[in-house]
1. What is the number of the single condition among (1) open to solvent by less than 80 Å² (accessible area, probe 1.4 Å); (2) of a type outside the set (A, V, I, L, M); (3) part of a helix (DSSP H, G or I) that residue 13 does not meet?
2. Please work out which residue is least open to solvent (accessible area, probe 1.4 Å), limiting yourself to region 90-117 and to residues that are aliphatic (A, V, I, L, M) and over 11 Å from residue 156 (Cα atoms).
3. Return the residues of region 148-172 that are under 19 Å from residue 86 (Cβ atoms) and not in a loop (DSSP other than H, G, I, E, B); say none if nothing qualifies.
4. Please work out if residue 80 is more than 18 Å from residue 159 (Cβ to Cβ), open to solvent by 90 Å² or more (accessible area, probe 1.4 Å) and either touching a helix residue (DSSP H, G or I) at 6+ places or on another chain (Cβ under 9 Å) or modelled with pLDDT of 95 or more (or both).
5. Filter region 33-67 down to residues that are open to solvent by less than 40 Å² (accessible area, probe 1.4 Å) and either touching a Phe, Trp or Tyr at 6+ places or on another chain (Cβ under 9 Å) or assigned to a strand (DSSP E or B) (or both), then give me how many there are.
6. Considering each residue of region 162-190, count those that are open to solvent by less than 50 Å² (accessible area, probe 1.4 Å) and at pLDDT 75 or above, and give that number.
7. Restricting the first residue to region 102-126 and requiring it to be over 21 Å from residue 91 (Cβ atoms), which pairs with a second residue that is open to solvent by 60 Å² or more (accessible area, probe 1.4 Å) and acidic (Asp, Glu) meet a Cβ separation below 6 Å and a spacing of at least six or different chains?
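The values are calculated or read from the model by the stated rules, or taken from the named source; none is laboratory data. Not measured: the values here are computed from a predicted model. Quick reminder, even Gly has a Cβ in these numbers, built from the backbone with ideal geometry, and neighbours come from all protein chains shown. Just the protein is used for accessible areas: all its heavy atoms, side chains included, with ligands, DNA and RNA removed. Shrake-Rupley method; radii C 1.70, N 1.55, O 1.52, S 1.80 Å.
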Amino acid sequence: PYPVNMMRNIALRSAVSDYVFPIDVDFVVSAGFYQYIKQDSNVLDYLRNNKAIYILPSFELTQSSTPTPWKKEEVVKLYKDGFARPAHHYYEPCQRATNFKKWAEVASDYAVKYESGYEPYFVTHRTVLDYDERFIGRGGNKQSHPMELACAGYEFWVFSSSFLVHFHQNKKNVEYLGNQWTMLEVTKKYEKELFLRYNGCPFAPSMFDLADLAKDKKRAEEKEKERKIETTLASGGEVNGRNAVGWMQTAKKEEERSNGLRKEVEKLKAKLDEKDALVQKLHRIAQGSGGGEKGEKKDDANRKDRCSCDEEVEENTKLRLELKAAKKRVEEIEEKKQKKGDEEMAELKQIRKELRMAKQQTSTPPSFALLAGVALLSALSTYFAIKWRKGGMRHSRVA
């Protein structure tokens, strides 16, 4: 993944001006912004003398055919008509704190409060805090920076007349999807560090437990205390009236005490296990199984009954499968009989049709009609003779 925050830091350190404006390459600034901020000495003086950032509201167009707005009245009209919306609209906290509805109505700059997930684009003094370079690729790289600024006490102001327009690109998030879990772990660690670094920053703890943070802070304080003691004793000094030998004796006593406590804990655990076993035994007695020899015999009988029941269930399952297969075979035979009966019925219909046609041909010479009738009667007699030889005439559905 691309080391985006490292590149942002390089850009900040390489800036030759006193003020910086870190934005993404696919954003454009409203017309006249440079002249506006250059002439407004109040903003520049405030940024020079205070920890603050000045934010530009970020818009994106809902339709690619919409002309790019360059003035506030143009983008406000598009926003109210639904042709412009806050950038990165798929994640509402990203720009929510800017308050776009308020921005569309006001004529002077206003302050906003940081919210978790806020990702504004802003102008600030070049002495601003660095970006955390552990964030690479997509996922938390920009959001982490305003979070630390808020923890460090920076003020968040919004320009009333200037804005940004984001040219949305249909990029596949393959890199982000593969990198997001790694960045989530980095984010958790980063937020913990902010909480400890800024003495309980209220904006940082959004993805972890505050109780864990308190434990981490206590462990860090204890380690720092131990390090100072070790440094003092190693240099030959005393701590609380004791030198290195006295502290070693104290440490040995503390270790013995800890070992004694661990043994007590193990004894209590064994006793608890015995209690658990007794409770389970009482539970079996309450269910009717009971303990002792009778209870064991009853349990054996129950197990045998369960085995017999399992065998019966298995046998019934096999029988059901066999029955299903037999039904399927019967259906196939019935289908074949039906098909064959339909064929016989069609053949009889054809013979009757030919007889009717022979009767209707009155213009046919008697000798020819006689021959035709004899031929048809011969065909019928042959047909029925064959049927009788095969086992008897089957009942026909033909009326």
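1. Residue 13 satisfies all of (1) open to solvent by less than 80 Å² (accessible area, probe 1.4 Å); (2) of a type outside the set (A, V, I, L, M); (3) part of a helix (DSSP H, G or I) except (1).
2. Residues of region 90-117 aliphatic (A, V, I, L, M): 97, 104, 106-107, 111-112.
If we keep only those that are over 11 Å from residue 156 (Cα atoms) as well, we get 104, 106-107.
On the way: 104: 19, 106: 38, 107: 100 Å².
The selected residue is 104.
3. Once the filter is applied, which keeps residues that are under 19 Å from residue 86 (Cβ atoms) and not in a loop (DSSP other than H, G, I, E, B), region 148-172 yields 156, 157, 158, 164, 165, 166.
4. On the way: more than 18 Å from residue 159 (Cβ to Cβ): yes; open to solvent by 90 Å² or more (accessible area, probe 1.4 Å): yes; either touching a helix residue (DSSP H, G or I) at 6+ places or on another chain (Cβ under 9 Å) or modelled with pLDDT of 95 or more (or both): yes.
Against the criterion (more than 18 Å from residue 159 (Cβ to Cβ), open to solvent by 90 Å² or more (accessible area, probe 1.4 Å) and either touching a helix residue (DSSP H, G or I) at 6+ places or on another chain (Cβ under 9 Å) or modelled with pLDDT of 95 or more (or both)), residue 80 qualifies.
5. The first filter runs over region 33-67 and keeps only residues open to solvent by less than 40 Å² (accessible area, probe 1.4 Å), leaving 33, 37, 40, 43-44, 47, 52-61, 66.
Next cut, either touching a Phe, Trp or Tyr at 6+ places or on another chain (Cβ under 9 Å) or assigned to a strand (DSSP E or B) (or both) only: 33, 37, 43-44, 47, 52-61, 66.
Residues meeting the conditions: 16.
6. Kept after step one, since they are open to solvent by less than 50 Å² (accessible area, probe 1.4 Å), are these residues of region 162-190: 162-166, 179-180, 183, 186-187, 190.
Add one more test, that the residue is at pLDDT 75 or above, and what stays is 162-166, 183, 186-187, 190.
Here the count works out to 9.
7. 126/18
Quick grid of which residues meet (1) modelled with pLDDT of 75 or more; (2) open to solvent by less than 70 Å² (accessible area, probe 1.4 Å); (3) among the basic types (Lys, Arg); (4) under 18 Å from residue 116 (Cα atoms):
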site: 202; (1), (2), (3), (4): no, no, no, yes
site: 210; (1), (2), (3), (4): no, no, no, yes
site: 215; (1), (2), (3), (4): no, no, yes, no
site: 222; (1), (2), (3), (4): yes, no, no, no
site: 225; (1), (2), (3), (4): yes, no, yes, no
